[in-house]
Amino acid sequence: MPQIAIIGSGFAGLGLGIQLKRQGIDTFTIFEKADEVGGTWRANTYPGAECDIPSALYSYSFENFDWPNKWSHQPVIKAYLEHCADTYHLRPHLRFGSTVTAARFDEDAGAWDVDVGGGDVDGGETHRFDIVVSATGQLSRPRWPDIDGLDSFDGPVFHSAEWDHDVDLTGKHVASIGCGASAIQYVPQIAKDAAKVTVFQRTPNWVIPKNDRDYSDFENGLIRRSRMARNLRRFGLWFRSDVVAYDLMRKESRIRPLAQKLSKKHLHDTISDPATRAALTPEYPMGAKRVLFSDDFYESIEEFDVTIQSDPISKVTGDAIVTTTRSESGDGNSTDHDVDVIVVGTGFHTQDFLTPMQVTGVDGRDLNDEWAATDGQGGPQAHLGISVNGFPNLFFMYGPNTNLGHSSIVLMIESQARYLLSLFHQMARDSIQAVEVRAEVQQAYNDELADRLADSAWVLIEDSWYLQGGKVTNNWVGRTTEYRRRTNHADLADFHVTPRALPTAG
Ligand code: NAP
């Protein structure tokens with residue numbers, strides 16, 4: 001079996017490691033920059049962090065857990081991933097405190113030299129692997145807004161993905177810059193203790209109630225004992241996401257009018273102040289950006305001192321966030337909002353699939369350069385989101401065009417692990433040293449994606465984290481079942497194949 005380096009120990013890296021172990025393959029190392037497994041579920045510890053996909057679907061199909069409620073909170077999901085690492089004996093393969101900084105393909109050897117630094121690794125090390133799998137996720141690099149004066153604010157400022165738990169928010173006026181999936185989870189929690197919360201919102205989003213509930217001991221017992229009950233529960237959740245919710249991801253959606261009506265009704269039923277209601281009413285078609293699920297965001301605005309501020313932020317001073325009303329003449333009125341703490345909930349660098357890694361393939365080709373977008377052209381792309389021409393034996397999990405707006409990413413990750421296992425087995429069986437996806441295969445696949453994505457909801461707006469220069473670089477276009485079918489088996493005909501060199505006699 002080839003020697004395999006896996007970068008990252010979130011759902012994707014662990015998921016591949018588990019499948020390798022289940023098939024008796026031990027020749028792999030998982031490099032993790034942090035000191036524990038979990039990826040995004042280790043890093044995001046903000047108050048109220050939870051998953052907006054039900055856990056029975058947002059989990060590996062083969063490993064159940066006693067989920068306390070339908071939509072699990074971050075500590076439970078992190079505990080699940082640690083449980084998986086232990087259960088499948090991945091600990092001996094994990095190298096914590098190890099940041100992969102660069103990888104270079106050696107064409108003569110048909111293998112990768114992987115530079116590892118940071119944490120426990122003094123001065124850096126280089127290791128040789130036949131295969132490198134990048135499983136670093138799309139939501140691991142916090143994005144800070146470019147706001148004049150933000151770094152001169154006198155009080156605490158931190159990003160939602162790097163929550164500073166030493167800052168006591170009790171009795172403080174807390175600002176949230178951003179009102180996305182993370183903010184609508186932490187705002188209701190911090191509002192309970194803060195004197196006041198002001199949410200600086202650029203774009204109002206569609207919010208749908210979660211209707212969360214606890215699972216009873218009886219339900220969990222039944223799920224533990226009965227595979228049929230487990231599969232039925234998963235099937236029900238899959239059906240609602242991949243069959244019903246998927247329709248919202250289409251440009252012409254049949255369920256959009258009804259879904260928007262229900263979301264607006266929820267807004268009207270919960271928020272009593274007409275001005276706040278107007279500020280929270282989205283103007284873009286539902287599905288064009290991530291739909292938000294919450295049972296307590298609107299409710300917290302009614303119950304606590306939470307204000308939605310929609311005027312754009314013009315600057316930050318030592319003790320205030322300054323907003324300026326929109327004005328065509330450019331002389332809008334400014335208001336100083338005195339705040340004590342600023343929480344930055346502005347999301348992630350979702351298109352830097354590799355940063356800060358430098359990846360060099362055949363003929364010195366640099367993958368960061370190849371994936372850079374110029375004038376709306378180019379941008380990250382791969383075959384099936386997994387392999388890239390010019391970069392043999394380098395594979396991605398949760399790579400370009402594999403994110404979902406409607407269902408569980410773990411379904412995609414399991415498909416990618418299955419595909420990679422199929423490829424690795426064929427490489428071992430046929431004594432293949434390296435495989436490189438053919439340029440024409442990658443091009444045909446991406447041409448097809450571009451055609452189909454033109455009919456997706458994501459092109460109905462100009463900007464979101466799914467888009468780069470107007471091109472959808474992050475999302476998969478179909479249902480999870482189509483992706484699973486297309487990744488069920490790796491076809492060697494899609495690749496240039498380099499046989500392993502025979503040992504020389506004597
Ligand atoms: P996000 O969805 O990208 O939201 C960022 C927010 O910050 C938006 O309100 C955005 O406004 C605002 N913003 C960005 N730059 C700004 C600026 N310069 N000035 C003012 N406002 C600015 O980020 P997120 O909330 O961290 O969530 C990111 C993704 O993580 C989600 O889409 C979701 O896929 C995932 N997530 C999942 C869960 C889960 O339950 N599974 C939980 C949290 C996050 P605009 O909308 O105008 O750009």
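The values are calculated or read from the model by the stated rules, or taken from the named source; none is laboratory data. It should be emphasised that the depicted structure is a prediction, and the values quoted were computed from it without experimental measurement. Counting neighbours? That spans all protein chains shown, and the Cβs are built from the backbone with ideal geometry, glycine included. Surface areas here come from the heavy atoms of the whole protein model, side chains and all, with no ligands, DNA or RNA. Shrake-Rupley method; radii C 1.70, N 1.55, O 1.52, S 1.80 Å.
Of note:
- Note on the stretch 170-185: residues that are more than 9 Å from the ligand (Cβ to nearest atom) and surrounded by fewer than 22 Cβ atoms within 10 Å (Cβ to Cβ) amount to 4.
- Asp52 meets the conditions (1) crowded, with 19+ Cβ neighbours inside 10 Å; (2) charged (D, E, K, R); (3) within 12 Å of the ligand (Cβ to nearest atom) in every case but one. The failed one is (1).
- Exclusive hit being buried (at least 17 other Cβ atoms within 10 Å of the Cβ) and either polar (S, T, N, Q) or away from the ligand (no atom under 16 Å from the Cβ) (or both), set Trp206, Trp238: Trp238
- Taking the stretch 61-79 as the range and being open to solvent by less than 40 Å² (accessible area, probe 1.4 Å) and under 23 Å from Ile25 (Cα atoms) as the test, only Glu63 passes.
- Those strands (runs of 3 or more DSSP E) lying entirely in the stretch 123-238 with at least 1 residues of a type in the set (D, E, K, R): 196-200
- Residue list for the stretch 414-435, filter: under 26 Å from the mean Cα position of the chain (by Cα) and open to solvent by 10 Å² or more (accessible area, probe 1.4 Å): Glu414, Arg418, Ser422
- One residue alone among Val322, Val359, Val316, Val341 is more than 30 Å from Asp130 (Cα to Cα), away from the ligand (no atom under 16 Å from the Cβ) and either buried (at least 16 other Cβ atoms within 10 Å of the Cβ) or under 29 Å from the mean Cα position of the chain (by Cα) (or both), and that residue is Val341.
Here is a yes/no grid of residues against (1) open to solvent by 40 Å² or more (accessible area, probe 1.4 Å); (2) within 14 Å of the ligand (Cβ to nearest atom); (3) modelled with pLDDT of 95 or more:
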position: Phe105; (1), (2), (3): no, no, yes
position: Val114; (1), (2), (3): no, no, yes
position: Asp120; (1), (2), (3): yes, no, no
position: Arg128; (1), (2), (3): yes, no, yes
position: Gly137; (1), (2), (3): no, yes, no
position: Trp144; (1), (2), (3): yes, yes, yes
position: Ser152; (1), (2), (3): yes, no, yes
position: Pro156; (1), (2), (3): yes, no, yes
position: Ala161; (1), (2), (3): no, yes, yes
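- All told, His383 falls short of being surrounded by 18 or more Cβ atoms within 10 Å (Cβ to Cβ), assigned by TED's automatic domain parsing to the domain that holds His266 and touching a residue at least 24 places away in the same chain (Cβ under 8 Å).
- Some residue of the stretch 472-484 being in contact (Cβ under 8 Å) with a residue 60 or more places away in the chain, in contact with a His (Cβ under 6 Å, 6 or more places away or on another chain) and either surrounded by fewer than 18 Cβ atoms within 10 Å (Cβ to Cβ) or of a type outside the set (Ser, Thr, Tyr) (or both): no
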